[in-house]
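Here is the structure we will look at.
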Amino acid sequence: MTTEKKKSDKDEYDPFEHRQVEKPNSDLRATANIIKASLGSGLLAGPLAFSNAGWGVGIAGTIIIGIICGHCIHILVETSRDCCKIEKKPSMGYAETCRSVFTNGPKGLRPYANAASVFAEFSLLSTYVGVCCIYTVLISDSIKQLVDRYVPSAILPVEYYCLIILIPLCLLCQIKYLKFLAIFSLLANILLVATYGICLYYIFGNEISFSDKKVAGNPARYPAFISTVIFAMEGIGVVMPVENAMKKPKHFLGFPSVLVVAMSIIVFLYGTLGMFGYFRYGDVLRGSITLNLPIEDWPAICAKIFIALSIFFTYPLQFFVVIDIFTKYTEPYIKKKYILPTQVVARTIGVCCCVAIGIALPLLEQIINIVGAFFYSTLGLIIPGIIQTVFRWNNLGRLNWILWKNLFIVLFGLLCLISGCTVTIMDIIKILHSKTE
């Protein structure tokens, strides 16, 4: 029996041995990509989230949500690897993993394999289109603040700045390899850390008042807090492309690992900036803390420039998910000589669509909450919980603990989705109503 088991282990298909990556990523680059995919506008929205929850609830909530999000990424990657072994494939994407789980799951669920794949693909596409819209508005808001202050004769609505950055975004999004995008991610991370440092400089520049700050905020605003934190923590759509493109993919999971290091840094940066940013600016915070910094000081000006550049350099990494879905469904039907021109046109049209949506609804805080509540809750919490349960249906552990654990994750995701969307839609209606009065 032992000999047979050893032989079986030896003969088991190892997806890592069969992966052929054209431009593989190092562990450092993979970590940079995961951090950058999660942080950005989400990190700088942390103080606003803490003002909704209170600093005590904010810290506890950030740690708990960070653990849940990290665990969901872990079970997604782990399940994907197990599916690769069953189907003898070197790698799988997010939607392909969902299809494989249902294809190899309980007989009653197998007919839903294609539907699961399409739903996952739609969730991915919607999520990252939303993220690109947020990035468009944040970049434009930062540029507008600077131009309004130093060129008062050229005051324009934020929608015009969305159009101005359209061409640079189209050019940057023509980069097709994650290895080259990782260079921009590393540069964006450096700029983000510099912005983080400048924000701390202003936060601790004067004495901070704790007495008037809430330990626990209004429970009715907790959904807005959770939505923003989930948006900041989740980069799950980029996880599979990053893991699949690693030179040493075994280093993605485990302890210490790329995932553990990245999530620890994300939770630390988000928690500290969120709490101390709330202590400094209280309840007058905007969608990004950089928009609260004084416009006349050079460090603040640098912070606004740095965050605009950081988000600009991150944009193609988020857009990579969108174009990856397009490529997968269209490339088999396109002649080889037309693939490159088609890619250029598709990337250009895709960026134009994202910018157009940003122009149509330039409400930064509310778009962040909608994307976090609806799309990231589905993509980062609900789907991973479901696919691990289906995949492990015949082996759910002692007392079915995997089932109960994933049931909690799915219900938590649904609660975040419903409550977060409800609160945000009410906020949008209130804002639009006040503008018409």
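The values are calculated or read from the model by the stated rules, or taken from the named source; none is laboratory data. Source: prediction; values computed, not measured. Cβ coordinates were reconstructed from backbone atoms using ideal geometry, including for glycine residues, and neighbour counts include every protein chain displayed.
Checked against the criterion of being over 30 Å from Glu121 (Cα atoms), surrounded by 18 or more Cβ atoms within 10 Å (Cβ to Cβ), modelled with pLDDT of 80 or more and among the aliphatic types (A, V, I, L, M), the candidates Leu273, Leu259 yield just one match: Leu273.
Criterion applied to Ala120, Ala113 was being without any contact (Cβ under 8 Å) to a residue 24 or more places away in the chain and among the small types (Gly, Ala, Ser), and the one residue passing it is Ala113.
Only one of the listed residues (Cys302, Cys354) is modelled with pLDDT of 85 or more, out of contact with any His (no Cβ under 6 Å at 6 or more places or on another chain) and surrounded by 22 or more Cβ atoms within 10 Å (Cβ to Cβ). That residue is Cys354. Do you know which residues across the stretch 98-111 are surrounded by 16 or more Cβ atoms within 10 Å (Cβ to Cβ), of a type outside the set (A, V, I, L, M, F, W, C) and in a helix (DSSP H, G or I)? Across the stretch 98-111, the qualifying residues are Arg99, Ser100, Thr103. Of all the criteria given as (1) farther than 30 Å from Gly358 by Cβ; (2) buried (at least 24 other Cβ atoms within 10 Å of the Cβ); (3) at pLDDT below 90, the one not satisfied by Ser91 is (2). Go through the residues of the stretch 139-161 one by one and say whether even a single one is of a type in the set (Gly, Ala, Ser), out of contact with any strand residue (DSSP E or B) (no Cβ under 8 Å at 6 or more places or on another chain), touching a residue at least 24 places away in the same chain (Cβ under 8 Å) and in a helix (DSSP H, G or I). Looking through the stretch 139-161, at least one residue is of a type in the set (Gly, Ala, Ser), out of contact with any strand residue (DSSP E or B) (no Cβ under 8 Å at 6 or more places or on another chain), touching a residue at least 24 places away in the same chain (Cβ under 8 Å) and in a helix (DSSP H, G or I).
Could we say that Val129 is in contact with a Pro (Cβ under 7 Å, 6 or more places away or on another chain), within 21 Å of Gly350 (Cα to Cα) and assigned to a helix (DSSP H, G or I) here? It is false that Val129 is in contact with a Pro (Cβ under 7 Å, 6 or more places away or on another chain), within 21 Å of Gly350 (Cα to Cα) and assigned to a helix (DSSP H, G or I).
Within the stretch 174-191, one or more residues are out of contact with any strand residue (DSSP E or B) (no Cβ under 7 Å at 6 or more places or on another chain), under 27 Å from Phe375 (Cα atoms), in a helix (DSSP H, G or I) and of a type in the set (S, T, N, Q). Evaluating Glu121 against the criteria (1) crowded, with 17+ Cβ neighbours inside 10 Å; (2) acidic (Asp, Glu); (3) at pLDDT below 85 leaves one unmet condition, (3).
Listed here are the residues, each with its yes/no results for (1) free of Cβ contacts under 8 Å to residues at least 60 places away in the same chain; (2) within 17 Å of Gly66 (Cβ to Cβ); (3) crowded, with 18+ Cβ neighbours inside 10 Å.
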site	(1), (2), (3)
Tyr201	no, no, no
Ser211	yes, no, no
Ala220	no, no, no
Thr228	no, yes, yes
Ala232	no, yes, yes
Met240	no, no, yes
Lys248	no, no, no
Leu291	no, no, yes
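Name the residue, out of Arg99, Arg149, that is at pLDDT below 85 and not aliphatic (A, V, I, L, M). After applying the criteria, what remains is Arg149.
Of everything listed in (1) in contact (Cβ under 8 Å) with a residue 24 or more places away in the chain; (2) crowded, with 17+ Cβ neighbours inside 10 Å; (3) farther than 30 Å from Leu396 by Cα, the single unmet condition for Phe180 is (2).
Within the group Gly197, Gly254, which residue is surrounded by fewer than 24 Cβ atoms within 10 Å (Cβ to Cβ), under 23 Å from Ile311 (Cβ atoms), over 21 Å from the mean Cα position of the chain (by Cα) and free of Cβ contacts under 8 Å to residues at least 12 places away in the same chain?
Going through Gly197, Gly254 in turn, just one is surrounded by fewer than 24 Cβ atoms within 10 Å (Cβ to Cβ), under 23 Å from Ile311 (Cβ atoms), over 21 Å from the mean Cα position of the chain (by Cα) and free of Cβ contacts under 8 Å to residues at least 12 places away in the same chain: Gly197.
Within this structure, Phe50 fails the test of being closer than 22 Å to Pro256 by Cβ, at pLDDT 75 or above and assigned to a helix (DSSP H, G or I).
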